[in-house]
1. When only residues in the range 189-240 that are among the acidic types (D, E) and closer than 20 Å to S292 by Cα count, which is farthest from the chain's Cα centre (by Cα)?
2. If you take the residues of the range 47-65 that are farther than 19 Å from Q30 by Cα and of a type outside the set (A, V, I, L, M), which of them is surrounded by the most Cβ atoms within 10 Å (Cβ to Cβ)?
3. Within the range 342-357, which residues are part of a helix (DSSP H, G or I), under 27 Å from the mean Cα position of the chain (by Cα) and free of Cβ contacts under 8 Å to residues at least 12 places away in the same chain?
4. Every residue in the range 236-275 that is out of contact with any helix residue (DSSP H, G or I) (no Cβ under 8 Å at 6 or more places or on another chain) and among the small types (G, A, S), please.
5. What is the residue count in the range 2-38 for residues that are without any contact (Cβ under 8 Å) to a residue 60 or more places away in the chain, part of a helix (DSSP H, G or I) and more than 13 Å from the chain's Cα centre (by Cα)?
6. Spot the failing condition for A276; the list is (1) buried (at least 17 other Cβ atoms within 10 Å of the Cβ); (2) in contact (Cβ under 8 Å) with a residue 40 or more places away in the chain; (3) of a type outside the set (S, T, Y); (4) at positive phi, and only one is missed.
7. Is at least one residue of the range 69-88 over 25 Å from P44 (Cβ atoms), touching a residue at least 24 places away in the same chain (Cβ under 8 Å) and among the aliphatic types (A, V, I, L, M)?
8. May I ask you to say which residue of F266, F278 is touching a strand residue (DSSP E or B) at 6+ places or on another chain (Cβ under 7 Å) and in a helix (DSSP H, G or I)?
Amino acid sequence: MRVLIALTYYRPHYSGLTIYAERLAHALVQRGHAVTVLTSRYSPDLPQREVTDGVEIVRLPVSLRISKGVLMPAMLYKAWELVRKSDVVHLHLPQLDAAYLALVGRALRRPVVLTYHCDLRLPVGWIHSLANQVSHVANHVAARAAHLVVTNTRDYAEHSPFLKRYLRKIRIVQPPVELPPVSRLDLDEFKRKYGIQPGQRVIGMAARLASEKGVEYLVQALPRVMEKFPLARVLFVGQYQDVFGEQAYAQMLAPRIAALGEHWHFLGVIPPLEFAAFMHVAEVTVLPSLNSTESFGMVQVESMICGTPVVAADLPGVRQPVLTTGMGELFPCGDASALAEAIIALLGQPEKYRRDANAIIKRFSPETVAEAYEGLFQELHAPVSKPEAEEGQASSA
């Protein structure tokens with residue numbers, strides 16, 4: 001099957017959405033499908049077209065940026081060319097071009113599957129407000145045109161103001177998660193590089209330094225954790241400098257984090273092998289997100305497949321990895337005291353939260369996820385080959 005995957009940013013851009021799309025694209029290729037990714041050439045250093053691990057990547061030039069969105073005039077004709085060559089169109093939202101691509105898919109009688117990753121909330125300002133409104137309209141046009149809408153959990157769909165309007169079309173496919181295997185030498189090198197000493201209790205967090213991630217609650221919780229475990233130390237992995245729209249937030253946190261001294265260490269964005277070692281070395285990881293811009297948190301599963309339990313905010317979708325595996329604790333969103341007590345509980349009784357990592361690995365493997373998508377594509381492909389069947393499918397979705 002010829003699959004067209006469309007999203008605004010693709011690798012080497014780094015985000016949960018791009019990682020999801022990349023893992024899925026590669027897994028579909030391994031299952032024998034021809035995959036083309038249509039995306040933006042957000043940096044002039046990137047090639048307009050290339051093939052990576054069997055995935056053809058087509059990048060369109062960007063003429064204008066509106067907040068995190070981009071305008072690509074070439075999309076007007078390139079969409080028709082690539083959709084016509086495809087058997088199925090797979091859109092990843094948020095994406096400004098999704099509405100147009102979905103309508104082109106409909107016009108050319110191709111199945112359109114839309115994966116909704118999370119709600120979009122941009123910083124305050126008239127440009128961001130305009131981008132939010134345009135994206136909101138585009139998302140609804142795309143969802144109405146799509147034959148199926150995929151999301152990570154029913155929990156998130158039922159609580160999302162956007163998704164609950166399309167519950168009849170919703171299909172649940174959990175995200176693809178994988179990490180490279182690590183050796184004892186890899187773990188020892190990671191500990192040496194970042195100065196991790198015997199007896200330290202390592203608390204991990206992997207995210208951007210952004211207000212919706214709730215980093216301040218971990219900052220507030222750490223002194224209480226240190227009362228119980230004086231050698232507790234946070235390792236923060238991810239972009240923490242010059243995060244788009246988050247400069248004021250970083251400035252607000254800077255003196256509070258500085259006051260923690262050696263108990264808080266920013267690692268920045270690290271290579272995949274180091275990231276896997278980080279997940280093994282941490283005794284607990286924390287996901288204190290604050291709102292629906294976090295719909296699941298793949299980082300939780302990355303932690304769990306390394307045997308490391310999680311403390312997560314009790315948010316729709318975000319709470320599901322802990323609830324379904326039992327490998328962690330939930331805490332009320334924005335409650336630093338409860339977060340501290342949950343961390344203390346995990347550090348005090350780690351054996352209570354141990355589970356079969358192999359079962360979690362299999363459940364979330366890219367191969368498993370690609371097989372689920374393949375089933376959706378095959379389900380839709382035959383009926384929509386005729387206009388009347390297409391309309392019947394749309395009305396029953």
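The values are calculated or read from the model by the stated rules, or taken from the named source; none is laboratory data. Just so you know, these numbers come straight off a predicted model, no measurement behind them. Cβ sites come from the backbone with ideal geometry, for glycine too, and all protein chains shown count toward neighbours.
1. Just the residues of the range 189-240 that are among the acidic types (D, E), to begin with: 189, 212, 216, 227.
The next check asks that each one be closer than 20 Å to S292 by Cα; those that pass are 212, 216.
Details: E212: 14, E216: 21 Å.
Filtering first and then ranking leaves E216.
2. Filtering the range 47-65 down to residues farther than 19 Å from Q30 by Cα leaves 47-49, 58-65.
Applying the additional criterion that residues be of a type outside the set (A, V, I, L, M) yields 47-49, 59, 61, 63, 65.
Details: P47: 9, Q48: 11, R49: 10, R59: 20, P61: 13, S63: 10, R65: 13.
Filtering the range 47-65 for residues that are farther than 19 Å from Q30 by Cα and of a type outside the set (A, V, I, L, M), the one surrounded by the most Cβ atoms within 10 Å (Cβ to Cβ) comes out as R59.
3. none
4. G238, A248, A250, A254, A258, A259, G261, G268
5. Residues that pass the stated criteria total 2.
6. So A276 meets the others, but not (4).
7. Yes: one or more hits.
8. Details: F266 fails: in a helix (DSSP H, G or I).
None of the others qualify; the one that does is F278.
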